[in-house]
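Just below is one structure, and these are the notes that go with it.
Read-outs throughout are calculated quantities, based only on the coordinates presented, and are distinct from any laboratory measurement. In this text the structure is predicted, and so the values were computed from the model without any measurement. Every residue, glycine as well, gets a Cβ built from its backbone with ideal geometry; the counts of neighbours run over all protein chains shown.
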Amino acid sequence: MERPGRLLLLSELRVRNTAYDVSLSRSLLTWKRRISSPVYHPFRPRFCVPSFPRRPDSGVCHSVSVSEIISVREEEEENSSRQRDDGSWKKIKEREGKDCRQAFTVLYVERCRQHRWRCAEVTFTCPEEALYQRWVSSIREQLASITSRPKHLLVYINPYGGKRQGKHIYEQKVAPLFAQAGVSTHVIVTEYANYARDHLRTEAELKKFDGVVCVGGDGMFSEIIHGLIWRTQIDGSVDPNCPDQTLLPSSLHIGIIPAGSTDCICFATVGTNDPVTSALHIIVGDSQPMDVCSVHHNNTFLRYSVSLLGYGFYGDVLTDSERKRWMGPARYDLSGVKMFLTHHYYEGTVSYLPARGIVGTPRDAAKCRSGCVVCQHNGQLLSKRAENYTMDEDSESDGEWRTIRGKFLAINAASMSCACPRSPKGLSPAAHLADGTTDLILVRKCSRFDFLRHLLRHTSKDDQFDLTFVEVHRVRRFRFTPRYCQSDSDLELDLRENGKRQIFSQICRDHPACGCAPAYSSWNCDGEILTHTAIDVRVHCQLIKLFARGIEEPTVFEDLTNPCAI
Ligand SMILES: Nc1ncnc2c1ncn2[C@@H]1O[C@H](COP(=O)(O)OP(=O)(O)OP(=O)(O)O)[C@@H](O)[C@H]1O
Ligand SMILES: CCCCCCCCCCCCC/C=C/[C@@H](O)[C@H](CO)NC(=O)CCCCC
Ligand SMILES: [Ca+2]
């Protein structure tokens, strides 16, 4: 727990008619119940309550970090007069024409189960108005001194994401909290796909805002980062089509109010997909840096990715599920089962640049959590390297490119864990949000039974990488070329390596009537299908910032004291 530091205020105030010692420092608001210690009176055969000053005993003590106070509300006069004390304090005067309020309510973050946050409140009654004024203005001064809190937000709502509840969720659960916290908003309900992206690219007056919030799923978040990153590069004269360019980070934070089908980015950065929790992380001005992969084809920009780039299984699931959008989130389950049964494999070449000199491996037991030291260390290391090499710093400081040819059921690059309600530990449980790397997972051709074992391990404690047909590499950059796109010299090499068998399988591929496997899949890029299969991917360390703090480890203290967490 935070140490209180120098006290700004210390008073005896009342909470629900009970006396509390209430203190405020720059970091903490604390209220501790004064429990009257019964003392024996020699002349009276009973216990009595001692008069002031009383010894505060180890009564119930609550502490709230000032950084997690949402706002202070001044209570109406009648409210204060209802909370009169037992007579030892003056009664609340009702002076005509004068403001004599004496109660104020502090709204603050309370932690609940499974990383959820709620807005709790406590009302304090003061013995006199001057003290009341000091308390309200002192807390407000402390809140105003937190410069990281957003004051003006640009909000985009996708009314058709997930279960089509985006607008309702925002109006019912989020807008009232923003209003209470004094956050002003400019709300835009999108009219068609890519509306938010194009608005951010060209029209939005970004200087007016401290952050951009999207209400929707991963697809909507993807629109926002595409608009923001593109705009930042154009404004800063950086060519987004050049894969070797170091991209400029956007100064605006991004908030996600989850209202989608997978909500993987929200889940992996907050620990839950709960709109109220996300709204509170935005209000307190949390900051979580995040890696972004740029995807190019032949020196032409295709897309950015922050979660999953998946070829084979996840590409096919997405392609199939797009035809079933009307089903809502269940479309992924149906397409998942169908593609599992179809069991297609794909041939191609994967080249990658292993991440060198950084801390962490994809097989670590430790996970990326709030204040992650791996992300901090690698972030500093990579930004130092970038200072020394302006162009293509990777090949200078990382190792040699490595190449793997083969038949794959799935090729996945997870730039973060990709934890989501479907798989709470994610595709790569030890991947980091902001370490400048992506985990390249290669699932080679195997039996249906083995592939099922691998898939099921995403939902259990077992290690999904501990299988002979699965390999995982932590990389800074990678390329993929499907076999049918390979150069003549590569194909010749294949022929020499694999003999005649290859020639016949190629003939089959050229004749769909024979019913054998298709030659190529599509890339699933954060839930969008890419137009090209041959791609060049580069990780840009900590390119964007979210209003989040990473997943918090629950502390023993919280578990024991927070009734909401039980
Ligand atoms: N007004 C709109 N009409 C139609 N499509 C829209 C509109 N606004 C945004 N979109 C598009 O809808 C797609 C899906 O949106 P979103 O990500 O919010 O939900 P989802 O796909 O259900 O969830 P997830 O991405 O988490 O699986 C996005 O690709 C987005 O570009
Ligand atoms: C037979 C039982 C098998 C159980 C296997 C469960 C494995 C689940 C892994 C989930 C990985 C999610 C990765 C997230 C990808 C998102 O960027 C993307 C956009 O929202 N979602 C999908 O592509 C949607 C992809 C949905 C895949 C199912
Ligand atoms: Ca990463």
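Output wanted: per-residue J couplings in Hz (rounded whole) for region 460-466, from phi through Karplus 6.51 cos²θ - 1.76 cosθ + 1.60, θ = phi - 60°, x for Gly and Pro.
Whole-Hz 3J(HN,Hα) from phi for region 460-466: 10, 7, 5, 7, 6, 9, 7.
Taking the Cα centroid of region 99-164 and of region 274-311, what is the distance between the two, rounded to the nearest whole Å?
Between the Cα centres of region 99-164 and region 274-311 lies a distance of 28 Å.
Could you calculate the contour length gain from Asp239 to His168, that is, 0.36 nm times the residue separation minus the distance between their Cα atoms, to one decimal place in nm?
21.6 nm
Across region 116-122, in residue order, what do the Karplus-derived ³J(HN,Hα) couplings come to in whole Hz, using 6.51 cos²θ - 1.76 cosθ + 1.60 with θ = phi - 60° and x for Gly and Pro?
7, 10, 10, 8, 9, 9, 9
How would you rank 471-477, 22-28, 357-363, highest first, on the average number of other Cβ atoms within 10 Å across their residues?
Going by the mean number of other Cβ atoms within 10 Å, highest first, we get 471-477, 22-28, 357-363.
Under the classification rounded if a/c is under 1.5, otherwise prolate if a/b is larger than b/c and oblate if not, where does region 270-398 fall, given a ≥ b ≥ c as square roots of the Cα gyration tensor eigenvalues?
Oblate, since a/c reaches 1.5 and b/c is not below a/b.
If you count, for each residue, the other Cβ atoms within 10 Å and average over each peptide, how do 372-381, 309-318 line up from highest to lowest?
309-318, 372-381
Using mean Cβ contacts within 10 Å as the protection proxy, how do 12-18, 208-214, 437-443, 242-248 order, highest first?
Order by mean packing, descending: 437-443, 208-214, 242-248, 12-18.
Between Lys338 and Lys324, what is 0.36 nm times their sequence separation minus the Cα-Cα distance? Round to one decimal in nm.
3.8 nm
Please arrange Thr459, Thr319, Thr533 by counting, for each residue, the other beta carbons lying within 10 Å of its beta carbon, fewest first.
If I rank by nearby Cβ atoms, fewest first, I get Thr459, Thr319, Thr533.
May I ask for the distance between the Cα centers of region 190-216 and region 452-472, given as a whole number of Å?
The two parts, judged by their Cα centres, are 39 Å apart.
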